[in-house]
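Asker: After the structure tokens below, expect a handful of questions from me.
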């Protein structure tokens, strides 16, 4: 029941139990995470996303429930309030098997205008080949402008934090009370907590060396011991992303 309540809140505005957020992160340098975009809903930060080509981003399906004209995408700056380019959203495509109750297939692609222009602060993220598995304990990076603690305020600067991949059996056990995890998900975090994504970071990238491994989806609180963050496994959807963004 607790998970269901969290998912309903997430599906609305991504700002409670299951929302993803950056805790104990460091400020990203300009251009360090050039594929990161901020997503504004009615001019307020709601989620993050990643640039996949000149016209499209990938984000979470639960960030994509409102009409396209309710959103604005910001690229090319580590500060949402200054610099960067504002993009209008012209098309939103949620995964056809997205389940708002279980959060399975929590992925969407958005078409924007004007197109992204490549430079030191704006670049696409690379995709893994379909079905590629990320080894357990691989250190990945998650980034965003979300809250810096459970119930805390959002960050004015783009933050990043490194978290290790958690073995699926361990993550599944941790989340049994919430229904466990799906094969199309990947978990990352420390056993003792302390570093995580937080409210406002949903849809943002989990990556390593410019390659997308996951999309921030949900979790039990922010950086809580015993509860790693749950991400959509990007490599489970590579073919889908490419098919729908060409």
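The values are calculated or read from the model by the stated rules, or taken from the named source; none is laboratory data. Not measured: the values here are computed from a predicted model. Every residue, glycine among them, receives a Cβ derived from its backbone with ideal geometry; neighbour counts consider all protein chains shown.
Asker: Here are some residues: 65, 106. Which one is assigned to a loop (DSSP other than H, G, I, E, B), within 20 Å of residue 241 (Cα to Cα) and in contact with a strand residue (DSSP E or B) (Cβ under 6 Å, 6 or more places away or on another chain)?
Answerer: Values: 65 fails: in contact with a strand residue (DSSP E or B) (Cβ under 6 Å, 6 or more places away or on another chain).
Being assigned to a loop (DSSP other than H, G, I, E, B), within 20 Å of residue 241 (Cα to Cα) and in contact with a strand residue (DSSP E or B) (Cβ under 6 Å, 6 or more places away or on another chain) holds for just one of 65, 106, which is 106.
Asker: Residues 184, 155, 202: which one is surrounded by 21 or more Cβ atoms within 10 Å (Cβ to Cβ) and closer than 22 Å to residue 61 by Cα?
Answerer: 202
Asker: Does residue 90 satisfy the criteria of being touching a strand residue (DSSP E or B) at 6+ places or on another chain (Cβ under 6 Å), part of a strand (DSSP E or B) and either in contact (Cβ under 8 Å) with a residue 24 or more places away in the chain or under 18 Å from residue 145 (Cβ atoms) (or both)?
Answerer: It is false that residue 90 is touching a strand residue (DSSP E or B) at 6+ places or on another chain (Cβ under 6 Å), part of a strand (DSSP E or B) and either in contact (Cβ under 8 Å) with a residue 24 or more places away in the chain or under 18 Å from residue 145 (Cβ atoms) (or both).
Asker: Which of the residues belonging to the stretch 62-104 are on the phi > 0 side of the Ramachandran plot and surrounded by 22 or more Cβ atoms within 10 Å (Cβ to Cβ)?
Answerer: 76, 103
Asker: Could you tell me whether any residue of the stretch 134-151 is modelled with pLDDT under 95, loosely packed, with under 13 Cβ neighbours inside 10 Å and more than 18 Å from the chain's Cα centre (by Cα)?
Answerer: Yes; the residues of the stretch 134-151 include at least one that is modelled with pLDDT under 95, loosely packed, with under 13 Cβ neighbours inside 10 Å and more than 18 Å from the chain's Cα centre (by Cα).
Asker: Just a yes or no: is a residue in the stretch 111-133 in contact with a strand residue (DSSP E or B) (Cβ under 9 Å, 6 or more places away or on another chain) and within 22 Å of residue 190 (Cβ to Cβ)?
Answerer: Within the stretch 111-133, one or more residues are in contact with a strand residue (DSSP E or B) (Cβ under 9 Å, 6 or more places away or on another chain) and within 22 Å of residue 190 (Cβ to Cβ).
Asker: Out of all the residues in the stretch 208-226, which are touching a helix residue (DSSP H, G or I) at 6+ places or on another chain (Cβ under 6 Å) and assigned to a loop (DSSP other than H, G, I, E, B)?
Answerer: 226, the sole residue that qualifies.
Asker: Residue 215 fails exactly one of the following numbered conditions: (1) within 13 Å of residue 127 (Cα to Cα); (2) out of contact with any strand residue (DSSP E or B) (no Cβ under 6 Å at 6 or more places or on another chain); (3) crowded, with 17+ Cβ neighbours inside 10 Å. What is the number of that condition?
Answerer: (2)
Asker: With the structure loaded, tell me whether residue 179 is surrounded by fewer than 18 Cβ atoms within 10 Å (Cβ to Cβ), over 14 Å from the mean Cα position of the chain (by Cα), closer than 23 Å to residue 55 by Cβ and not assigned by TED's automatic domain parsing to the domain that holds residue 116 or whether it fails that test.
Answerer: no
Asker: Quick check on my filter: what residues within the stretch 13-64 are out of contact with any helix residue (DSSP H, G or I) (no Cβ under 7 Å at 6 or more places or on another chain), at pLDDT 95 or above and farther than 21 Å from residue 79 by Cβ?
Answerer: 54, 55, 60, 61, 64
Asker: Let me ask something else. Specify the residue that is farthest from residue 105 (Cα to Cα); the eligible residues are those in the stretch 168-182 that are assigned to a loop (DSSP other than H, G, I, E, B) and touching a strand residue (DSSP E or B) at 6+ places or on another chain (Cβ under 8 Å).
Answerer: 175
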